[in-house]
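See below for the structure under consideration.
The values are calculated or read from the model by the stated rules, or taken from the named source; none is laboratory data. Keep in mind it's a predicted model, so treat the numbers as computed, not measured. Don't worry about glycine lacking a Cβ; one is built from the backbone with ideal geometry, like all the others, and counts go over all protein chains shown. When the accessible area is computed, the model is the full protein with side chains, heavy atoms only, and any ligands, DNA or RNA have been set aside. Shrake-Rupley method; radii C 1.70, N 1.55, O 1.52, S 1.80 Å.
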Amino acid sequence: MDFDLNEQQNMLKTMAHDFLINECPKTRVRELEKDAKGYDTSIWSKMVDLGWLGLIFPEQYNGTGADFLDLVVLMEEMGRNILPGPFFSTVALCALPILKFGTETQRRKYLVPIADGKNIWSLALSEKSGKFEASDINTVASIDGNHYVINGEKWFVPFAHVADYLIVACRTGRLESADEGITLLIVRTKSRGVTINVIPSIAGDGLCRVRFKNVKAGRLDVLGKVGKGWKVINYLAQRATVLKCAEVSGACQAVLEMTQAYAKDRKQFDKPIGAFMAIQHKLVDMLTDVEGLQYMVYYSAWLLSTGAKADVYVSMAKAKANDVYQRVCIDGIKIHGAIGFTLDHDIGCYFRRVKAAEFVLGDTDMHLDKVAAGIGL
Amino acid sequence: MEFRFSQKEEKLREDVRNFARAETAGRGIISGMEEESRDEDWGFAMSMSKKLAEKGWLTMAWPKEYGGQGASFFEQHVYIDEASYWGIPGTTMGVSGIGWVGPSLMICGSEEQRKKYLPSIAAGEPDGVWCTGYSEPNAGSDVANIQTSALREGDHYIVNGQKIWTSCAHRARWCWLAARTDPNASKKQHSISLIILDMKSPGITIKPIENYAGIHIFNELFFDNVKVPVMNLVGTENRGWYHLMQSLAFERHSFAPQFYGKGRRTLEFMVKYCNEIRYNGKPLAVNAVTRHKLAERAIELETLKMFGYEITWKMSKGLIPVYEAARNKAYCDFAMQRLAITGTEIIGAYSQVDINYKWSKLLANFTRLYMMFPGLALAGGTGEVQKNIVGQFKLGLPRAY
Ligand SMILES: Cc1cc2nc3c(=O)[nH]c(=O)nc-3n(C[C@H](O)[C@H](O)[C@H](O)COP(=O)(O)OP(=O)(O)OC[C@H]3O[C@@H](n4cnc5c(N)ncnc54)[C@H](O)[C@@H]3O)c2cc1C
Ligand SMILES: Cc1cc2nc3c(=O)[nH]c(=O)nc-3n(C[C@H](O)[C@H](O)[C@H](O)COP(=O)(O)OP(=O)(O)OC[C@H]3O[C@@H](n4cnc5c(N)ncnc54)[C@H](O)[C@@H]3O)c2cc1C
């Protein structure tokens, strides 16, 4: 049993921490929330140089061959400093399943440009309901000669407006059971019939609506097996969920630290406000939440990395992340007083991202229900 | 990052499980403190202590020379977790001896004291049962405010005063006593000493206090010129406050694996119940509200598991977990309260049935937990006191009281 990061992870963590603080201060985060692209291409190309995009790819795809836990550590730092951009959608939502389920041709064709920073990807999964449910997949891909023809509408697709490729979850078979008959198709965003609109959102984080009108995809552009797309989704969802939780865990650590520092610094009634027990105990509750979340994330990440069955722990981590992120931000803002309610204060940057993290890859109710099933109910 | 237990540790878990299955089949899970109340429960608990000692588990992390096995903190963790899961009685023997008297004596006791007191604890004998006399009517959270005095006369201390809430005093052979040894000290903390008191000494009166459920856990203790040999002083005279702080950290570090084990089993009982019980023609297990409540309880327990692992890991690296122990105590209390309330809500009206009556559900586990958790949350320091410790020692905030 060992809670410590290894040497390589510690180096990555320190490097990422320093890099993000220098390259992406919160002033830049706020600018990017209003930016048409929503991310900084010069930061992006430096990340490529650092080898982050291909961090966990084998060397033959221009990767650095690190493992999943290293990526968890990196995401934690990205969350701590808030890095806006399509890293999560490209690497967690798309590259991971390509690595696992792609054919050798697909892997060579798609992973190398990802590692080299030439292509951005996203996953077009949720539809009008905004939920993460197989039964909500109504976008249809029908066969026409050598092609699939896609018709439908996807919602809350992260960074589709800057993406080169989308993995689109489509219905190709009869609806015998909800998770049968779903096929994942790789589609170029430039294809004719694809319309992308950015959904104005609290965090300005590039969520899009994507409409498909008679969009063609080749029969070789299937990721995984025809009709078995939900299996791929389940695979990627577990890993991407843990990565999202790691990002949230990092964000929560940052909120705690800034609030703790403020409580020592801010004086009212001739005392630091941290000397008032009402504030101090709130901070202790925040600490307990934050540490508990971090360990749950590490535990589920570690389980996944060993290949053990991890779905229940992943759902526990996500339900907890949703809960803790919200509570820590709310208490953090309250402890800051009115200054925490301002645009110029960093804590708002975190609070604006709570709902984005909460509803990606399953909301609290969905994950609690999975936990319930996991404990035998 | 590695959360696997070793093969040796897994083997131990299996051994404890097999032992528990053979020895405790069909019994409900009662808390360590409840077993001090009724003679038949106490007798059974002590018989189990003896067997656990024979297995080498009771004080397994102690050095061999004092009756332990020199086992690792992780092995001890696995034993505590598994034994608590099965609710094996007799694992604590009134808590004090195994929990902190032994570990404290190994740090600040004399070699003579270790040789005299440790083996009978490790052997699970009635002579190894201890109680702890810290709290007084005017010294609860503010332990430094104790008034009980132990004044030196030749080679004896003469003890006068009163303790209260002393758990297990009615079963104990010895008392781990905090008393004031210097009436003239300028600072309260600088005049306290820890003293080993023979409960058979003349001048001690024990008055039982029943709790609101009629269970006899704690007592009042009165001392009227009780003579204690000076060699029963633990550590340095007037430095007892510092020894005591250390013993409190010992007291708190095992809360997490204890309650995780017990909580997990209790939750499993509840899951089984929800799958069996039908309500409006459907198993209760499909009810969304019930599912979500129990899922939340499971997440709390797993969080507690990680907190427990963290402390054991830190101890195994030679660190002394101070804030972590306080955090875990507070989180245990929280998780215990939520589980108890959820459980009684699901059982509904039947959760009121007397725990000894056949109509009570689920071996009365939830009713028991419900009746016990407020007291368990106070014992060993209240939640507020724990949070004060975390605020000061971890967050570096000024003292807020
Ligand atoms: C939307 C909005 C509109 C406002 N409009 C006006 C306005 O029109 N006119 C105006 O004059 N002001 C206005 N205010 C200011 C408002 O009254 C203050 O924000 C409030 O009194 C708190 O003061 P503070 O922000 O300086 O926080 P602080 O006083 O610094 O408090 C910070 C934290 O410490 C806690 N704290 C402080 N002292 C204690 C204590 N003794 N015990 C326990 N906890 C303590 C607080 O509860 C808080 O959580 C407004 C604020 C907001 C958010
Ligand atoms: C089941 C049980 C078994 C026990 N066994 C033993 C035993 O074996 N030996 C022994 O010595 N004692 C024992 N105790 C006593 C226990 O240690 C005390 O009850 C506990 O320390 C609290 O003290 P008190 O009851 O006097 O409450 P008080 O100290 O009077 O506290 C009352 C309330 O005020 C709060 N409070 C007090 N000070 C502060 C502060 N600084 N900041 C914020 N809040 C504060 C407390 O949190 C609590 O909510 C036992 C208690 C119980 C319930």
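So the values come out like this:
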| quantity | calculated |
| --- | --- |
| Qualifying residue in the range A:308-321 (condition: within 16 Å of ligand 2 (Cβ to nearest atom), over 20 Å from B:Glu310 (Cβ atoms) and at pLDDT 95 or above) | no |
| Sole residue being under 30 Å from A:Gly374 (Cα atoms) and either among the polar types (S, T, N, Q) or within 10 Å of ligand 1 (Cβ to nearest atom) (or both), chosen from A:Gln260, A:Gln280, A:Gln294 | A:Gln294 |
| Failed item, numbered, when B:Gln337 is tested on (1) modelled with pLDDT of 95 or more; (2) within 14 Å of chain A (Cβ to nearest Cβ) | (2) |
| B:Lys329 being charged (D, E, K, R), more than 9 Å from every other protein chain (Cβ to nearest Cβ), open to solvent by 20 Å² or more (accessible area, probe 1.4 Å) and touching a residue at least 60 places away in the same chain (Cβ under 8 Å) | no |
| Failed item, numbered, when B:Asn138 is tested on (1) under 16 Å from the mean Cα position of the chain (by Cα); (2) surrounded by fewer than 24 Cβ atoms within 10 Å (Cβ to Cβ); (3) at pLDDT 95 or above | (1) |
| Matching option when the condition is surrounded by 23 or more Cβ atoms within 10 Å (Cβ to Cβ) and on the phi > 0 side of the Ramachandran plot, among B:Gly70, B:Gly94, B:Gly128, B:Gly56 | B:Gly94 |
| Residues of the range B:252-291 that turn out to be loosely packed, with under 14 Cβ neighbours inside 10 Å and either in contact with a Gly (Cβ under 6 Å, 6 or more places away or on another chain) or of a type in the set (Gly, Ala, Ser) (or both), as a count | 2 |
| From the options B:Arg17, B:Arg27, residue that is open to solvent by 30 Å² or more (accessible area, probe 1.4 Å) and modelled with pLDDT of 95 or more | B:Arg17 |
| Subset of the range A:262-301 that is among the aromatic types (Phe, Trp, Tyr) and within 22 Å of B:Arg327 (Cβ to Cβ) - its residue that is farthest from the other protein chains (Cβ to nearest Cβ) | A:Tyr262 |
| Residues of the range B:141-151 satisfying the condition of being open to solvent by 40 Å² or more (accessible area, probe 1.4 Å), near ligand 2 (Cβ under 9 Å from one of its atoms) and of a type in the set (A, V, I, L, M, F, W, C) | none |
| Some residue of the range B:154-169 being within 26 Å of B:Lys55 (Cβ to Cβ), within 16 Å of ligand 2 (Cβ to nearest atom) and at pLDDT 95 or above | yes |
| Criterion violated by A:Ala321 - all others in (1) surrounded by fewer than 24 Cβ atoms within 10 Å (Cβ to Cβ); (2) away from ligand 1 (no atom under 14 Å from the Cβ) satisfied | (1) |
| Subset of the range A:332-346 [closer than 17 Å to A:Asn81 by Cα and open to solvent by less than 80 Å² (accessible area, probe 1.4 Å)] | A:Gly332, A:His345, A:Asp346 |
| Residue within the range B:181-197 that is out of contact with any helix residue (DSSP H, G or I) (no Cβ under 8 Å at 6 or more places or on another chain), under 24 Å from B:Val322 (Cα atoms) and either not assigned by TED's automatic domain parsing to the domain that holds B:Gly375 or not in a helix (DSSP H, G or I) (or both) present | yes |
| Which numbered condition A:Cys329 fails, given (1) more than 12 Å from chain B (Cβ to nearest Cβ); (2) within 16 Å of ligand 1 (Cβ to nearest atom); (3) surrounded by fewer than 20 Cβ atoms within 10 Å (Cβ to Cβ) | (3) |
| Those residues of the range B:304-325 which are within 9 Å of chain A (Cβ to nearest Cβ) and among the hydrophobic types (A, V, I, L, M, F, W, C), in sequence order | B:Leu304, B:Met306, B:Phe307, B:Trp313 |
| Breaking point among (1) in contact with an Asp or Glu (Cβ under 8 Å, 6 or more places away or on another chain); (2) open to solvent by 30 Å² or more (accessible area, probe 1.4 Å); (3) closer than 29 Å to B:Ser104 by Cα, for B:Val78 | (2) |
| Filtered residue count, the range B:22-40, keeping only those that are more than 23 Å from the chain's Cα centre (by Cα) and within 18 Å of B:Leu58 (Cα to Cα) | 1 |
| Residues of the range A:1-25 classified as assigned to a helix (DSSP H, G or I), open to solvent by less than 50 Å² (accessible area, probe 1.4 Å) and within 14 Å of chain B (Cβ to nearest Cβ), total | 2 |
| Matching residues in the range A:253-284 - criterion: being of a type in the set (Val, Ile, Thr), within 16 Å of ligand 2 (Cβ to nearest atom) and over 16 Å from A:Val324 (Cβ atoms) | A:Ile279 |
| The range B:386-401, residues that are hydrophobic (A, V, I, L, M, F, W, C), part of a helix (DSSP H, G or I) and crowded, with 20+ Cβ neighbours inside 10 Å | B:Ile389, B:Val390 |
| Filtered residue count, the range B:291-303, keeping only those that are facing chain A (nearest Cβ under 8 Å) and of a type outside the set (A, V, I, L, M) | 5 |
| Residue ID - farthest from A:Phe101 (Cα to Cα), chosen from residues in the range A:172-200 that are touching a Gly at 6+ places or on another chain (Cβ under 6 Å) and open to solvent by less than 30 Å² (accessible area, probe 1.4 Å) | A:Gly181 |
| Tabulated pairs, the range B:382-401, first more than 8 Å from chain A (Cβ to nearest Cβ), second open to solvent by less than 30 Å² (accessible area, probe 1.4 Å), C-beta under 6 angstrom, 6+ apart or interchain | B:Gly383/B:Ala330; B:Gly383/B:Asp333; B:Gln386/B:Ala326; B:Gln386/B:Lys329; B:Gln386/B:Ala330; B:Ile389/B:Ala326; B:Phe393/B:Tyr323 |
| Residues of the range A:309-360 satisfying the condition of being without any contact (Cβ under 8 Å) to a residue 24 or more places away in the chain, under 22 Å from the mean Cα position of the chain (by Cα) and not in a helix (DSSP H, G or I) | A:Lys309 |
| Some residue of the range A:26-40 being surrounded by 20 or more Cβ atoms within 10 Å (Cβ to Cβ), charged (D, E, K, R) and at pLDDT 95 or above | yes |
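One line per residue, one yes/no per condition, for (1) under 23 Å from B:Glu276 (Cβ atoms); (2) in a helix (DSSP H, G or I); (3) open to solvent by less than 60 Å² (accessible area, probe 1.4 Å):
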site: B:Asp333; (1), (2), (3): no, yes, yes
site: B:Ala340; (1), (2), (3): yes, yes, yes
site: B:Glu345; (1), (2), (3): yes, yes, no
site: B:Ala364; (1), (2), (3): yes, yes, yes
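So that you can scan it fast, the table gives a plain yes or no per residue for (1) buried (at least 17 other Cβ atoms within 10 Å of the Cβ); (2) among the small types (Gly, Ala, Ser):
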{"site": "B:Leu12", "(1), (2)": "yes, no"}
{"site": "B:Arg21", "(1), (2)": "no, no"}
{"site": "B:Ser49", "(1), (2)": "yes, yes"}
{"site": "B:Tyr66", "(1), (2)": "yes, no"}
